[in-house]
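One structure is given below, represented as structure tokens, and several questions about it will come after.
The values are calculated or read from the model by the stated rules, or taken from the named source; none is laboratory data. Just so we're clear, the structure is a prediction, and the values are computed from it rather than from any experiment. Note that each Cβ is placed from the backbone with ideal geometry, even for glycine, and that neighbours are counted across all protein chains shown.
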Amino acid sequence: MTTKNDALAKWVDEVASRTKPDNIVWCDGSDAEFDRMVDQMLDSGTLTRLNEETNPNCYLHRSDPSDVARVEHLTYVCSKDKEDAGPNNNWMDPDEAHKKVDDLFAGCMQGRTMYVIPYCMGPIDSPLSRNGVEITDSPYVVANMKIMARIGAPALERIEREGTFVKGLHSTGDLDPEKRFIMHFPEELYIKSIGSGYGGNALLGKKCHALRIASWQARTEGWLAEHMLIVGLESPQGETHYIACAFPSACGKTNLAMLIPPEQYKGWKVTTVGDDICWLHLRDDGRLWAINPESGYFGVVPGTNEWSNKNAYDTLKSDAIFTNVGVTENNEPWWEEKDDGKEPAIDWKGNPYDAEVGPAAHPNSRFTVPAKNNPVYSPMADNPDGVPISAVVFGGRRKDLAPLVYEAKDWAHGVLVGASCASEMTAAAIGGAGQIRRDPMAMKPFCGYNFADYFAHWLSFEGKSDKLPKIFHVNWFRRDQDGKFLWPGFGENMRVLAWIVERCGGQRDARETPIGFLPNVEDIDTDGIDVSSETMQALLSVDPAKWEQEMLAIGEYFSEFGDRMPQALLAELDKMSSALQSKAA
Ligand code: GTP
Ligand code: SPV
Ligand code: MN
């Protein structure tokens with residue numbers, strides 16, 4: 001196979017002459033091709049087959065122990081002008097960056113096969129979807145891309161019809177962390193990634209294209225590319241609301257997207273449109289419409305069990321590629337809090353399990369699985385028009401301060417709520433786990449341009465429509481003095497989502513505070529959960545003195561962006577600070 005698109009043919013030739021592969025394979029995206037990749041990886045030891053009875057069609061991949069998460073310190077946005085990348089990104093001059101990685105790509109595919117993967121992010125027949133081509137020397141990437149995106153012949157056809165595509169060049173190189181770089185050239189719609197096989201660094205359609213490059217394109221074209229799940233909530237009255245939630249990495253998106261409601265909410269039907277990325281477009285009807293550009297889930301394994309997230313647990317029983325989990329004596333995948341009564345025998349590094357040495361599964365071990373395996377998969381995920389969004393929800397891991405839920409006063413205030421998000425860092429990226437950092441809209445690692453411009457772009461939607469979604473903030477992670485979570489989380493989060501949906505429908509009162517609208521304690525149903533009314537008070541309390549401190553910290557953070565920061569956002573911050581001061585006085 002080759003292509004009618006000259007630019008693509010030329011680029012493939014150019015890459016081949018630099019990287020010197022033994023041969024070139026154009027991926028057609030067929031199941032037979034997937035099976036060939038798997039067989040080849042079973043032969044080479046890159047994959048092992050898991051227990052066929054308990055986990056049909058499931059495989060285990062053990063990565064290099066130095067290559068288990070995203071590497072934010074090695075990820076760059078190489079815009080022509082450094083200011084366009086902003087203080088939120090590492091920046092390198094594009095010429096220098098090309099030279100640096102091109103030297104590493106030279107001859108790197110000798111003895112290997114080069115795969116050309118045409119892909120489409122989003123439903124293949126949607127005008128909102130975007131094309132890309134990833135060139136890689138990793139069969140693991142080919143197999144995972146087949147799960148995560150619409151790849152192969154239909155995508156190539158789309159590229160040949162439309163002419164445009166994002167270029168992504170990837171090689172695992174020699175996995176030397178010193179020679180690992182994830183470079184983005186937004187003006188050229190080009191990504192170059194070398195030295196890592198880990199999801200976010202290597203499956204270039206995902207964070208590199210669908211967030212960093214897409215956010216840049218979205219700004220120029222008037223839409224939004226966001227780190228958000230999309231979940232459908234159908235009320236017992238048959239009314240469906242779709243909500244989009246931005247939580248930082250490993251802060252609960254996949255879980256919320258697949259939630260199983262508690263007993264008294266059984267009349268509600270919850271369906272998953274997406275679990276990680278959301279592209280939002282304002283339509284003529286004045287509503288924001290969303291598509292999920294992906295077709296699979298690349299999810300956090302530890303903590304997934306029958307009780308926390310049965311839908312995810314069932315989803316990954318078959319057809320899943322596990323990366324860096326442990327295995328039991330009889331070769332079943334095993335991870336911390338799997339809670340299936342079994343014991344691990346071998347840890348994620350392939351050594352006999354020893355609790356003294358560390359966990360059986362790496363804390364950022366992942367599953368890759370087709371979205372259609374999800375028992376609550378929403379067919380709307382394939383709708384070329386997407387789904388209309390009723391509410392946007394921001395959130396994070398805050399053991400203190402942020403209440404369980406609050407609602408922004410209007411769009412501009414909501415943009416401030418998103419822009420001032422902070423969260424404890426997790427194992428999804430190398431370094432800093434547990435520390436609190438500012439993570440605006442959960443996009444700190446993923447916004448492909450200056451956050452000041454990004455906030456201005458968000459603000460620009462105000463006034464364009466009177467049907468914009470309401471904006472909320474949630475925090476499932478408040479803790480007591482002993483470090484115990486105050487809120488049970490997981491399926492019980494439905495209790496909060498119900499309040500959000502009812503606020504959207506104008507069916508609920510709320511109490512106005514300086515930070516926004518909060519539910520009254522009795523407005524969150526606690527029937528059937530062990531949460532006292534004192535705990536609810538604590539979860540729904542706003543401490544003006546602590547919030548005033550927070551306002552100062554937010555102001556300080558915003559000052560990093562200098563004059564580029566939109567005045568309207570600073571004005572919102574002033575407004576909120578004054579409201580808090582008058583409350584404290
Ligand atoms: P990325 O794929 O990295 O973007 O993560 P994500 O946002 O999809 O997070 P995910 O749903 O995979 O959850 C990450 C971790 O948080 C898992 O270990 C979950 O068990 C845990 N978690 C998810 N939801 C909740 C919750 O409501 N409460 C508590 N306490 N933990 C949760
Ligand atoms: C995240 O870290 O937010 C993920 C996993 O969803 S990765 O695709 O590696 O970025
Ligand atoms: Mn994510």
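Which of the residues belonging to the range 301-312 are within 16 Å of ligand 3 (Cβ to nearest atom) and either touching a strand residue (DSSP E or B) at 6+ places or on another chain (Cβ under 6 Å) or within 20 Å of LYS372 (Cβ to Cβ) (or both)?
Step one: filter the range 301-312 for residues within 16 Å of ligand 3 (Cβ to nearest atom), giving 301-304, 309, 312.
Residues satisfying the conditions are VAL301, THR304, ASN309, ALA312.
Give the residues of the range 372-398 that are surrounded by fewer than 22 Cβ atoms within 10 Å (Cβ to Cβ) and touching an Asp or Glu at 6+ places or on another chain (Cβ under 7 Å), sorted by residue number.
Scanning the range 372-398 gives ASN373, PRO375, PRO384.
Ok, one more. List every residue pair whose Cβ atoms lie under 7 Å apart, where the two residues are 6 or more positions apart in sequence or sit on different chains, the first residue falls within the range 224-253 and is without any contact (Cβ under 8 Å) to a residue 60 or more places away in the chain and closer than 16 Å to MET494 by Cα, and the second residue, located anywhere, is assigned to a strand (DSSP E or B) and within 12 Å of ligand 2 (Cβ to nearest atom).
LEU229/GLY274; LYS253/LEU229
Restricting to the range 428-466, what's the tally of residues that are among the hydrophobic types (A, V, I, L, M, F, W, C) and under 14 Å from the mean Cα position of the chain (by Cα)?
Initial filter on the range 428-466 (among the hydrophobic types (A, V, I, L, M, F, W, C)): 428-430, 433, 436, 441-443, 446-447, 451-452, 455-456, 458-459, 461.
Okay, now just the ones that are also under 14 Å from the mean Cα position of the chain (by Cα), so 428-429, 441-443, 446-447.
Summing the residues that are among the hydrophobic types (A, V, I, L, M, F, W, C) and under 14 Å from the mean Cα position of the chain (by Cα) in the range 428-466 gives 7.
Take the residues of the range 249-293 that are away from ligand 1 (no atom under 11 Å from the Cβ) and charged (D, E, K, R): which is farthest from LYS206 (Cα to Cα)?
If we filter the range 249-293 for residues that are away from ligand 1 (no atom under 11 Å from the Cβ), which is where we start, we get 260-273, 278-293.
From what is left, the residues that are charged (D, E, K, R) are 263, 266, 269, 283-285, 287.
Values: GLU263: 35, LYS266: 34, LYS269: 28, ARG283: 25, ASP284: 28, ASP285: 29, ARG287: 25 Å.
It comes out as GLU263.
Determine, yes or no, whether LEU316 is crowded, with 17+ Cβ neighbours inside 10 Å, within 15 Å of ligand 1 (Cβ to nearest atom) and of a type in the set (A, V, I, L, M, F, W, C).
Values: crowded, with 17+ Cβ neighbours inside 10 Å: yes; within 15 Å of ligand 1 (Cβ to nearest atom): yes; of a type in the set (A, V, I, L, M, F, W, C): yes.
Yes: the conditions hold for LEU316.
Out of everything in the range 224-241 that is touching a Ser or Thr at 6+ places or on another chain (Cβ under 6 Å) and surrounded by fewer than 24 Cβ atoms within 10 Å (Cβ to Cβ), what residue ends up being nearest to SER460 (Cα to Cα)?
So the residue we want is HIS241.
Show the residue pairs meeting these rules: Cβ distance below 9 Å; 6+ apart or different chains; first residue within the range 451-477 and polar (S, T, N, Q); second residue within 16 Å of ligand 2 (Cβ to nearest atom).
Close Cβ pairs satisfying both conditions: ASN475/GLY395; ASN475/GLY396; ASN475/ARG397.
Provide a single number: the residues in the range 422-435 that are modelled with pLDDT of 95 or more and away from ligand 2 (no atom under 12 Å from the Cβ).
2
Still on this structure, please answer the following. For the range 271-319, what are the residues that are among the aliphatic types (A, V, I, L, M), part of a loop (DSSP other than H, G, I, E, B) and touching a Phe, Trp or Tyr at 6+ places or on another chain (Cβ under 8 Å)?
Taking the range 271-319 first, the residues among the aliphatic types (A, V, I, L, M) are 273, 277, 280, 282, 288, 290-291, 300-301, 312, 316.
Next, from what is left, pick out any that are part of a loop (DSSP other than H, G, I, E, B): 277, 301, 316.
Of everything in the range 271-319, those that are among the aliphatic types (A, V, I, L, M), part of a loop (DSSP other than H, G, I, E, B) and touching a Phe, Trp or Tyr at 6+ places or on another chain (Cβ under 8 Å) turn out to be VAL301, LEU316.
While we're on this one: Within the range 436-463, track down each residue that is assigned to a loop (DSSP other than H, G, I, E, B) and either modelled with pLDDT under 95 or not acidic (Asp, Glu) (or both).
First, the residues of the range 436-463 that are assigned to a loop (DSSP other than H, G, I, E, B): 439, 443-450, 460-461, 463.
Selection gives MET443, LYS444, PRO445, PHE446, CYS447, GLY448, TYR449, ASN450, SER460, PHE461, GLY463.
Additional query: Since ASN51 meets every condition but one in (1) out of contact with any Cys (no Cβ under 9 Å at 6 or more places or on another chain); (2) modelled with pLDDT of 95 or more; (3) not charged (D, E, K, R), which condition does it not meet?
Going through (1) out of contact with any Cys (no Cβ under 9 Å at 6 or more places or on another chain); (2) modelled with pLDDT of 95 or more; (3) not charged (D, E, K, R) one by one, ASN51 breaks only (1).
Go through GLU556, GLU572, GLU548 for me and flag whichever is touching a residue at least 40 places away in the same chain (Cβ under 8 Å), more than 24 Å from GLY252 (Cβ to Cβ) and not aliphatic (A, V, I, L, M).
Working: GLU556 fails: touching a residue at least 40 places away in the same chain (Cβ under 8 Å); GLU548 fails: touching a residue at least 40 places away in the same chain (Cβ under 8 Å).
It is GLU572.
Quick check: is even one residue across the range 347-370 under 18 Å from ASN292 (Cβ atoms) and part of a loop (DSSP other than H, G, I, E, B)?
No, the range 347-370 contains no residue that is under 18 Å from ASN292 (Cβ atoms) and part of a loop (DSSP other than H, G, I, E, B).
In addition: From ARG438, ARG495, ARG478, which residue is over 24 Å from LEU259 (Cα atoms), touching a helix residue (DSSP H, G or I) at 6+ places or on another chain (Cβ under 8 Å) and basic (Lys, Arg)?
Working: ARG495 fails: over 24 Å from LEU259 (Cα atoms); ARG478 fails: over 24 Å from LEU259 (Cα atoms).
None of the others qualify; the one that does is ARG438.
Ok, one more. Check ILE260, ILE213 and return the single one that is more than 12 Å from ligand 3 (Cβ to nearest atom), surrounded by fewer than 24 Cβ atoms within 10 Å (Cβ to Cβ) and among the hydrophobic types (A, V, I, L, M, F, W, C). It would help to see each step written out before you state the result.
On the way: ILE213 fails: surrounded by fewer than 24 Cβ atoms within 10 Å (Cβ to Cβ).
Step by step, each of ILE260, ILE213 is checked, and only ILE260 is more than 12 Å from ligand 3 (Cβ to nearest atom), surrounded by fewer than 24 Cβ atoms within 10 Å (Cβ to Cβ) and among the hydrophobic types (A, V, I, L, M, F, W, C).
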